[in-house]
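Inspection log for the structure reproduced underneath, given as structure tokens.
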Amino acid sequence: MQDEFLRSLVWTDYRLAVLITVIIPLILLIWAFVQKVDSMVRLLIIYWRVASLLAITVYLFIASLPIGFVSGWFGRILIPIALWFWVDVNEDIEDQPQRPLKLALTSWRWAITAYCILGALASIPFLSCAFLPGSIKTPFCQVWLQPPLLFKQYFHNDSRPGFLGFLGVTGLIAYVLYLSYFVLIRLGKQGRSAMEQ
């Protein structure tokens, strides 16, 4: 009974993630681009750069790599930071006239912030899956690998999990290198201005 409840929660989380982290921001990006609202487009491009860590996590999970639990947790932490960090973008969005796009973007920012914070808190017990030897094979950890395996069946049916895991690891290395460069070098130069993003 407890395993079924956990499985249900995990599948609900993945479904919410597809809606909140993929579908809605994609619609908002297209909408902002068509409306030519540069600050919103800039914010959503920053979002997609940061949120790519969640896509990397899916590929790590397909190969059953425990580091996926850490990358997924960090992704949930970094997304709200990226959405609210930029002073110039926040001010420009605040100065926009009240219209449906502004309301939709603001609502989504608050919704994804709440979703990510609650998800990060709820994911803390599962971080043990990344650090305890052999724990990735337990039902407690395996339940998180089921939705990515379904994703593999739909989109990468002929690919081997090891190859997809290699792509995930390569993406994670590139992500960490870029994030390190940004934090250690670019952030000091540009501060909280997204103009150079």
Candidates for percent of Cα pairs over 28 Å apart are (i) 36; (ii) 55; (iii) 31, and the calculated one carries label (iii)
To the nearest 20 debye, the chain has a Cα-centred charge dipole, built from +1 on Lys and Arg Cβ and -1 on Asp and Glu Cβ, of 220 debye
Packing-ranked peptide list from 67-80, 130-143, 102-115, 42-55, highest mean Cβ count within 10 angstrom first, is 67-80, 42-55, 102-115, 130-143
Residue separation between TYR178 and SER52 times 0.36 nm, minus their alpha-carbon distance, gives in nm 44.1 nm
In whole angstrom, the spacing between the Cα centers of the stretch 1-63 and the stretch 81-123 equals 14 Å
Rounded to the nearest Å, the spacing of the alpha-carbon centers of the stretch 124-141 and the stretch 145-164 is 20 Å
Given the candidates LEU78, ALA122, LEU65, the one whose Cα lies deepest towards the positive end of the charge dipole of the stretch 2-190, counting +1 at each Lys or Arg C-beta and -1 at each Asp or Glu C-beta, is LEU65
For the chain, averaging the sequence separation of alpha carbon pairs under 8 Å that lie six or more residues apart and dividing by its residue count, the contact order in percent is 32 percent
Phi angles of the stretch 134-143, converted by Karplus (6.51 cos²θ - 1.76 cosθ + 1.60, θ = phi - 60°) into ³J(HN,Hα) in whole Hz with x for Gly and Pro, give x, 5, 4, 8, 7, x, 4, 8, 4, 4
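None of the figures in this text is laboratory data; all of them are computed from the coordinates on show. Since this is a predicted model, take the numbers as computed values, not measurements. Neighbour counts run over all protein chains shown; Cβ positions are idealised from the backbone, glycine included.
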